[in-house]
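Everything on this sheet refers to the single structure shown next.
The values are calculated or read from the model by the stated rules, or taken from the named source; none is laboratory data. The shown structure was predicted, so the numbers you read here are calculated from the model rather than taken from an experiment. Virtual Cβ from ideal backbone geometry, glycine too; neighbours counted across all protein chains shown. Note: areas computed on protein heavy atoms with side chains; ligands, DNA, RNA excluded. Shrake-Rupley method; radii C 1.70, N 1.55, O 1.52, S 1.80 Å.
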Amino acid sequence: MKIDYIKMKNYRQYRNQKIDFPVSSEKQFIVVVGGMGAGKTNLLNALTWCFYGKEPHIGTRYQGLPIINTSALDEMKKGAIDTVEVEVQLSHEDRKYRIKRTLYILKSPEGEIKVLSRGNQKDGSQLEIWAQIGKNVGYFRDPSRIIRKLIPEDIYQYFLFDGERLNDYFRAEAGEKIKEAIFKISQLELLDRVINHLEEVKRDLVRRSKKTTPDIQRIVEQMEIEKKSIEEKKKELNQLLKHQKEGQQRMKEIHEKLRTIPDIKPLAEEREKRGKKKEELLNKLDEIKESLNKYLVEMAPQIFGWRAITQTWDIIDKAKEAGEIPPDIKKNFLKKLLDKGCCICGTDISREGRARRNVLNLLEECNEITNISDELIRLHIQLSNMMENVKKFSEKYIGYEKELNELKKEFRENDEKIEEIEGELKKIDLENIGRLEKEYEEYQLEINKISQTIGLTQGQIDSMENKIRQLEEDLEKELANEKKLKSLNDQVTFCKACLDIASKIKNEIMEETRNAVEEKTEKQFLELGWKTKTYTDVKIDNNYNISVKDQFGLEALGTLSAGERQLLALSFIGAINKVSGFEAPIVIDTPLGRVAEEPTKNVAEKLPMYFKGKQVILLVTDKEYSPEVRSRLSKAVSREYQIKFKESERGSIAEVVPYGE
Amino acid sequence: MESKEPDIIYCQKSDKNLYDALADEDIFKGLDLKHIFIMAMVLGFRENKREKIQQKEPGGLFRVSYLNDTEKALIKSIAVSTENGNLEVLLDKKKVYSIAEEYANGGLRLLKNLILIDTEKIGSFNKILGGYLLEEVNKISKNESR
């Protein structure tokens, strides 16, 4: 990579300046000579400002001053806007990159300077990059990315540096600085970012894996228990279903058998009805027979005793007709009167006399039966009734007979019907039907019970299956967790492996780079130096501390002169440039400022060798660029410039012109 | 000679068992010993078989008070008829019932034969009895109409 030119407008002391840096493979050096404060360092600043918006090398003279050229500012009208611009064109491979940074400055009516944030950068400046590839021109929307790619900001200090500050490498914390230099030049930042990223990823994975605690064993065990229970329940269910099926089959068979048998129910009902009727008829018959018996037993004496009855009735009847019954007076009454000796009329009949004789005559005439006349009258009536009864006997008896015959007929008919029904029923195997019906009912009851048990068992199975489904879902989740955990663990392992590899690579690169830098530094230092016999070794140890050994093997870093330190630093910078492989041009401000006069000749002679193949822009003082130095560098110098600096009341202006004009 | 109605009707001591046996027959089912007695009495009267009781059953056959008015009237009419229509016999109640006992004693064998023997030959006694009675009543009716 080479810088084709730098173009500055209103940047610091440069009002309008373009400096070309043409180099060839043989003449890769550009020398810009300027006195103290002429603008050499601001050339370096112009480059860093253009690339990164920073001016790290700004001198005390310009600190606090506006970036805009003071003359230009002075010329600006109040309220006017002007710009500060630095444009650098780089050639890299077959492309040309034009990088331009512009800052808009407003001069307020009060004369104050204000930076306008019109650009795409944080500081308000506008950074633009165009690239020309062949005939095509491209404009980059993310210029910072291109800058990072071409000249990373982290390592610019190893390309664009102040020679006077090189010595700092070997002061306090040198090891850290060298390590940082090697780290940065090795482009290990990317690897470090990878490592950091992997660490973050690993932490996240570990955190996530801790949250994922699979409980597979418990779920599997629970599932096993549930499955066993289900198997048992299913066996039970199958057994029940088998029994149910067998029962239903048997019921079907019984039903079929019963279906083929004639319907006995109406017959049985008729039989029962007839049976009851028979019973009723029998009772009725018995009643009538009993009644007839009673009647016969009652009437038989009256009929058999007919002669006595009628004879007695006749006698009493005649007595009645004769007026004997009832008698006028009862014999016993007369006897009582006589016994009393007093008639009912009050006549004394106790003594013999007419009255007494009359009574006795009456007594003589009075029959004995007069005493039972009442009885005879009653007897007459009773006998009359009996005679009436006898007369009615035939009718009543025939009535009984008729009734009996009718009942008997009815009874016979009923019996015949019963016989007929029983005949039909006999044809049917009633016992078997009863047995079958009983069996059918028993099966029905059994099947009802089984069905209920089946329902319960099925319910239990469903519930268990639901539980298993839930457990399966849980298991799936847990397996997924396990898978996730495994995946997380794999990822953690992978991360660890990546980290190990990245760290190893990093360390290896660091080590390789350190070794290479050590080797190159030593080689260049010893070749550049003039005390080749005094110093024998340059070492960069594991802690990146640089040490220089003398011919006696003793540490000589502390005894190095300022010039020797500058040379060692240049050797180191040269080394890391070579080792880095970056094609960046080198801009060194005051490279030989601290080197004594004699060694500068040596350095000048060796410098082209240090940075072979690289464009090197040396910003040197008149003193540094002594005729000896110039002559020794001349073969490698493509172009020489000198800065002419004018300072007036209105501001300072530097102008870069060909050397010697 | 006047006498009071006896308390108890007697039978021959040896006939008590026969009374009991006849009481088990269908014709007398649900009836009392008095019914067998009356039946035996009228049969004895009809067939003129009047036999004195040689040895009375000590406990008697039944109480006279069990007899209803119709039965008593029948007993009285048989006594009157037996005494050739002399109503005065009714004054001697003991005699009246004694005549009845004697006819019953004589008629019991007839009843026995009729029930236990004839039944076997012809059929149920009530049927036979019914037939007899109907025949008797027809005869009575014929005589009455003359």
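Given the conditions (1) within 21 Å of B:Thr82 (Cα to Cα); (2) in contact (Cβ under 8 Å) with a residue 24 or more places away in the chain; (3) within 12 Å of another protein chain (Cβ to nearest Cβ), which single one is not true for B:Ile27?
In the conditions (1) within 21 Å of B:Thr82 (Cα to Cα); (2) in contact (Cβ under 8 Å) with a residue 24 or more places away in the chain; (3) within 12 Å of another protein chain (Cβ to nearest Cβ), B:Ile27 misses (1) alone.
Within region A:296-310, which residues are more than 7 Å from every other protein chain (Cβ to nearest Cβ) and of a type in the set (D, E, K, R)?
Passing the criteria: only A:Glu298.
Filter region B:80-109 down to residues that are part of a helix (DSSP H, G or I) and within 8 Å of chain A (Cβ to nearest Cβ) and give me whichever is most open to solvent (accessible area, probe 1.4 Å).
First, pick out the residues of region B:80-109 that are part of a helix (DSSP H, G or I): B:80-82, B:87-91, B:93-109.
Filter again for within 8 Å of chain A (Cβ to nearest Cβ), leaving B:80-82, B:87-88, B:90-91.
Details: B:Val80: 0, B:Ser81: 9, B:Thr82: 30, B:Leu87: 10, B:Glu88: 72, B:Leu90: 1, B:Leu91: 12 Å².
Out of the qualifying residues, it is B:Glu88.
Every residue in region B:61-76 that is touching a residue at least 12 places away in the same chain (Cβ under 8 Å), open to solvent by less than 70 Å² (accessible area, probe 1.4 Å) and either farther than 18 Å from B:Met39 by Cβ or within 14 Å of chain A (Cβ to nearest Cβ) (or both), please. I'd like the intermediate steps shown before the answer.
At the first step, the residues of region B:61-76 found to be touching a residue at least 12 places away in the same chain (Cβ under 8 Å) are B:61-67, B:71, B:74-76.
Subsequent filtering for residues that are open to solvent by less than 70 Å² (accessible area, probe 1.4 Å) retains B:61-62, B:64, B:67, B:71, B:74-76.
B:Leu67, B:Glu71, B:Leu74, B:Ile75, B:Lys76 - these are the residues of region B:61-76 that are touching a residue at least 12 places away in the same chain (Cβ under 8 Å), open to solvent by less than 70 Å² (accessible area, probe 1.4 Å) and either farther than 18 Å from B:Met39 by Cβ or within 14 Å of chain A (Cβ to nearest Cβ) (or both).
Name the residue that is farthest from A:Asp204 (Cα to Cα), counting only residues in region A:492-524 that are touching a Gly at 6+ places or on another chain (Cβ under 9 Å) and open to solvent by less than 60 Å² (accessible area, probe 1.4 Å). Lay out the reasoning, then the answer.
In the first step, residues of region A:492-524 are kept if they are touching a Gly at 6+ places or on another chain (Cβ under 9 Å); the result is A:520-521, A:524.
Right, trim to open to solvent by less than 60 Å² (accessible area, probe 1.4 Å) and you get A:521, A:524.
Details: A:Thr521: 43, A:Gln524: 48 Å.
Filtering first and then ranking leaves A:Gln524.
What's the total number of residues in region B:30-40 that are closer than 14 Å to B:Leu114 by Cβ and either within 7 Å of chain A (Cβ to nearest Cβ) or modelled with pLDDT under 90 (or both)?
Here is the first cut: in region B:30-40, the ones closer than 14 Å to B:Leu114 by Cβ are B:36, B:39-40.
Applying the additional criterion that residues be either within 7 Å of chain A (Cβ to nearest Cβ) or modelled with pLDDT under 90 (or both) yields B:39.
Residues that pass the stated criteria total 1.
Considering each residue of region B:13-32, count those that are surrounded by 14 or more Cβ atoms within 10 Å (Cβ to Cβ) and more than 25 Å from B:Leu129 (Cα to Cα), and give that number.
Total meeting the criteria: 1.
Exactly one condition in (1) free of Cβ contacts under 8 Å to residues at least 60 places away in the same chain; (2) in contact with a helix residue (DSSP H, G or I) (Cβ under 9 Å, 6 or more places away or on another chain) is false for A:Asn45; which is it?
Of everything listed in (1) free of Cβ contacts under 8 Å to residues at least 60 places away in the same chain; (2) in contact with a helix residue (DSSP H, G or I) (Cβ under 9 Å, 6 or more places away or on another chain), A:Asn45 misses just condition (2).
Sort through A:Lys467, A:Lys449 and tell me the only one that's open to solvent by 80 Å² or more (accessible area, probe 1.4 Å), touching a residue at least 24 places away in the same chain (Cβ under 8 Å), within 60 Å of the chain's Cα centre (by Cα) and more than 14 Å from every other protein chain (Cβ to nearest Cβ).
Working: A:Lys449 fails: touching a residue at least 24 places away in the same chain (Cβ under 8 Å).
Testing whether each residue is open to solvent by 80 Å² or more (accessible area, probe 1.4 Å), touching a residue at least 24 places away in the same chain (Cβ under 8 Å), within 60 Å of the chain's Cα centre (by Cα) and more than 14 Å from every other protein chain (Cβ to nearest Cβ) leaves just A:Lys467.
Quick grid of which residues meet (1) aliphatic (A, V, I, L, M); (2) in a helix (DSSP H, G or I); (3) open to solvent by less than 30 Å² (accessible area, probe 1.4 Å):
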| residue | (1), (2), (3) |
| --- | --- |
| A:Asn283 | no, yes, no |
| A:Ser291 | no, yes, no |
| A:Ala308 | yes, yes, yes |
| A:Thr312 | no, yes, yes |
| A:Lys320 | no, yes, no |
| A:Ile325 | yes, no, yes |
| A:Asp328 | no, no, no |
| A:Lys335 | no, yes, no |
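If A:Arg259 satisfies all but one of (1) surrounded by fewer than 12 Cβ atoms within 10 Å (Cβ to Cβ); (2) within 19 Å of A:Leu445 (Cα to Cα), what's the number of the condition it fails?
Unmet condition: (2).
Considering region A:342-370 alone, what residues qualify as being away from chain B (no Cβ under 14 Å) and either touching a residue at least 60 places away in the same chain (Cβ under 8 Å) or under 23 Å from B:Glu2 (Cβ atoms) (or both)?
Quick first cut of region A:342-370, residues away from chain B (no Cβ under 14 Å) only: A:342-365.
A:Val359, A:Leu360, A:Asn361, A:Leu362, A:Leu363, A:Glu364, A:Glu365, listed by residue number.
As an exercise: evaluate A:Lys427 against (1) in contact (Cβ under 8 Å) with a residue 24 or more places away in the chain; (2) open to solvent by 90 Å² or more (accessible area, probe 1.4 Å) and give the number of the one condition it does not meet.
(1)
When the residues of region A:401-415 are narrowed to those that are within 14 Å of another protein chain (Cβ to nearest Cβ) and of a type outside the set (Lys, Arg), which ends up least open to solvent (accessible area, probe 1.4 Å)?
To start, the set of residues in region A:401-415 that are within 14 Å of another protein chain (Cβ to nearest Cβ) comprises A:401-405, A:408.
Remaining after also requiring of a type outside the set (Lys, Arg): A:401, A:403-405.
Values: A:Glu401: 36, A:Glu403: 81, A:Leu404: 7, A:Asn405: 81 Å².
Across region A:401-415, the extreme among qualifying residues is A:Leu404.
Name the residues in region A:479-530 that are at pLDDT 80 or above and small (Gly, Ala, Ser), would you?
Those that are at pLDDT 80 or above and small (Gly, Ala, Ser): A:Ala497, A:Ala502, A:Ser503, A:Ala516.
Kindly evaluate A:Leu471 against the criterion of being under 30 Å from A:Glu231 (Cα atoms), assigned to a helix (DSSP H, G or I) and out of contact with any Ser or Thr (no Cβ under 7 Å at 6 or more places or on another chain).
On the way: under 30 Å from A:Glu231 (Cα atoms): yes; assigned to a helix (DSSP H, G or I): yes; out of contact with any Ser or Thr (no Cβ under 7 Å at 6 or more places or on another chain): yes.
Yes.
Would you call A:Ser373 without any contact (Cβ under 8 Å) to a residue 60 or more places away in the chain, more than 12 Å from chain B (Cβ to nearest Cβ) and of a type in the set (Ser, Thr, Tyr)?
On the way: without any contact (Cβ under 8 Å) to a residue 60 or more places away in the chain: yes; more than 12 Å from chain B (Cβ to nearest Cβ): no; of a type in the set (Ser, Thr, Tyr): yes.
The answer is no for A:Ser373.
Output the residue which, of all residues in region A:7-18 that are open to solvent by less than 40 Å² (accessible area, probe 1.4 Å) and at pLDDT below 95, is nearest to A:Gln615 (Cα to Cα). Please lay out each step first, then the result.
In the first step, residues of region A:7-18 are kept if they are open to solvent by less than 40 Å² (accessible area, probe 1.4 Å); the result is A:8, A:10-14, A:17.
So of that shortlist, the ones also at pLDDT below 95 come out as A:10-14, A:17.
On the way: A:Asn10: 26, A:Tyr11: 24, A:Arg12: 25, A:Gln13: 25, A:Tyr14: 23, A:Gln17: 20 Å.
Residue satisfying both the conditions and the ranking: A:Gln17.
I'm told A:Arg435 meets every condition in (1) out of contact with any Leu (no Cβ under 6 Å at 6 or more places or on another chain); (2) open to solvent by less than 90 Å² (accessible area, probe 1.4 Å) except one. Can you identify the failing condition by its number?
Checking A:Arg435 against (1) out of contact with any Leu (no Cβ under 6 Å at 6 or more places or on another chain); (2) open to solvent by less than 90 Å² (accessible area, probe 1.4 Å), the one that fails is (2).
Yes/no per residue for (1) under 24 Å from A:Leu198 (Cβ atoms); (2) out of contact with any Asp or Glu (no Cβ under 7 Å at 6 or more places or on another chain); (3) in contact (Cβ under 8 Å) with a residue 60 or more places away in the chain:
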{"position": "A:Glu478", "(1), (2), (3)": "no, no, yes"}
{"position": "A:Asp500", "(1), (2), (3)": "yes, yes, no"}
{"position": "A:Ser503", "(1), (2), (3)": "yes, yes, yes"}
{"position": "A:Glu508", "(1), (2), (3)": "yes, yes, no"}
{"position": "A:Val538", "(1), (2), (3)": "no, no, no"}
{"position": "A:Thr559", "(1), (2), (3)": "no, yes, no"}
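Six or more apart or on different chains, Cβ atoms under 9 Å: show the pairs whose first residue is in region A:274-300 and more than 30 Å from A:Leu383 (Cα to Cα) and whose second is at pLDDT below 90 and of a type in the set (Val, Ile, Thr).
A:Arg274/A:Ile418; A:Arg274/A:Ile421; A:Gly275/A:Ile418; A:Lys277/A:Ile418; A:Lys278/A:Ile418
Go through (1) part of a loop (DSSP other than H, G, I, E, B); (2) over 20 Å from the mean Cα position of the chain (by Cα) and name the single condition B:Ser141 misses.
Tallying (1) part of a loop (DSSP other than H, G, I, E, B); (2) over 20 Å from the mean Cα position of the chain (by Cα), B:Ser141 fails exactly one: (1).
Going through region A:569-587 one residue at a time, which ones are under 15 Å from A:Pro608 (Cα atoms) and either in contact with a Leu (Cβ under 7 Å, 6 or more places away or on another chain) or not hydrophobic (A, V, I, L, M, F, W, C) (or both)?
Correct list: A:Leu570, A:Ser571, A:Ile573, A:Gly574, A:Asn577, A:Lys578, A:Pro585, A:Val587.
Which condition does A:Thr102 not pass, out of (1) open to solvent by 20 Å² or more (accessible area, probe 1.4 Å); (2) in contact with a Gly (Cβ under 9 Å, 6 or more places away or on another chain), if it passes all the others?
Result: A:Thr102 fails condition (1) only.
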